[in-house]
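The values are calculated or read from the model by the stated rules, or taken from the named source; none is laboratory data. Bear in mind that the values here come from a model prediction, so they are computed numbers and not experimental data. So basically every Cβ, Gly included, is an ideal-geometry build from the backbone, and we count neighbours across all protein chains shown. Heavy atoms of the whole protein, side chains included, go into the accessibility calculation; ligands, DNA and RNA do not. Shrake-Rupley method; radii C 1.70, N 1.55, O 1.52, S 1.80 Å.
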Amino acid sequence: RGGGFDLLSLYTRSGESGEAIFRGVSPISYSAPSVFDVQLIQFPLEELLGPESLGQLLRGKVDGPSGSLTFDPKDVTSGQLRIQFIGSGISIEGFRFLGGLASILRKEHYARPEGGSITGTLKWNRDQMSIEDIEYEVRSHMVLTGKIVVREQELSGVLQLGVPEVLMMKTLTEPRYSSFSTPRKGYCWTDLQLGGTVEQPNDDFLRKLQ
């Protein structure tokens, strides 16, 4: 119709589980960008974030009730995805600070937290991927908030790590490590500057402890 066509909906399933639904907002045409509403249902984070990217570090299934995909039909590399997601039963691994935290607390389960809840906003284009407004929590064990960015497989971003005050306070007024704050909402907090690559993540957690 007029050099374009209407794509009302597109449905895809990932393996044994996970659904992605795309609904056309405007006709696909060479004269203007195409826009789709996107919805995810129990979609694997490993596939959403990429098995060779952040999907190595965050695992589990999420729902994405609200999102959009925009692209120029004349350029297959022009896609831009933005989607808010929420999930439970999420594990994280591979970040260097997790091993450091497990070591100083002498609690091995901190090296690979499991069963956490997560919310965030995924933004993706051909140049970079980011997860913004992250809130990851394993209740009474850990909270992570902040932003993670991947560009050409290099990591950056800042996270705020919260550890239960009962584990981190040396006295009623003094944390065990000066890099952590006094308690706020039941947790002691420290900032983490991310670096390195997806294959070998790095951060300043241990350096700030010294």
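Among the residues making up segment 90-112, those that are without any contact (Cβ under 8 Å) to a residue 60 or more places away in the chain, open to solvent by less than 50 Å² (accessible area, probe 1.4 Å) and either of a type outside the set (S, T, N, Q) or in contact with a Phe, Trp or Tyr (Cβ under 7 Å, 6 or more places away or on another chain) (or both) are Ile90, Ile92, Glu93, Leu98, Gly99, Ala102, Tyr110, Ala111.
Within segment 138-152, one or more residues are open to solvent by less than 20 Å² (accessible area, probe 1.4 Å), part of a strand (DSSP E or B) and under 21 Å from Thr70 (Cα atoms). Considering (1) open to solvent by 50 Å² or more (accessible area, probe 1.4 Å); (2) touching a residue at least 40 places away in the same chain (Cβ under 8 Å); (3) of a type outside the set (Val, Ile, Thr), the lone condition that Leu40 does not fulfil carries the number (1).
Among the residues of segment 179-210, those that are modelled with pLDDT of 95 or more and of a type in the set (S, T, N, Q) comprise Ser179, Ser181, Thr182, Thr190, Gln193, Thr197, Gln200, Asn202.
Test Gly162 against the criterion of being more than 20 Å from Asp203 (Cα to Cα), open to solvent by less than 60 Å² (accessible area, probe 1.4 Å) and not β-branched (Val, Ile, Thr), and give yes or no. The answer is no for Gly162. No other residue among Val35, Val62, Val76 is part of a strand (DSSP E or B) and crowded, with 19+ Cβ neighbours inside 10 Å apart from Val62. The set of residues from segment 113-137 being assigned to a strand (DSSP E or B), open to solvent by 20 Å² or more (accessible area, probe 1.4 Å) and of a type outside the set (Ser, Thr, Tyr) comprises Lys123, Trp124, Glu132, Asp133, Glu135, Glu137. Could you tell me how many of the residues in segment 192-210 are of a type in the set (D, E, K, R) and either in a helix (DSSP H, G or I) or free of Cβ contacts under 8 Å to residues at least 40 places away in the same chain (or both)? The total comes to 3.
For segment 165-185, the tally of residues that are free of Cβ contacts under 8 Å to residues at least 24 places away in the same chain and open to solvent by less than 70 Å² (accessible area, probe 1.4 Å) stands at 7.
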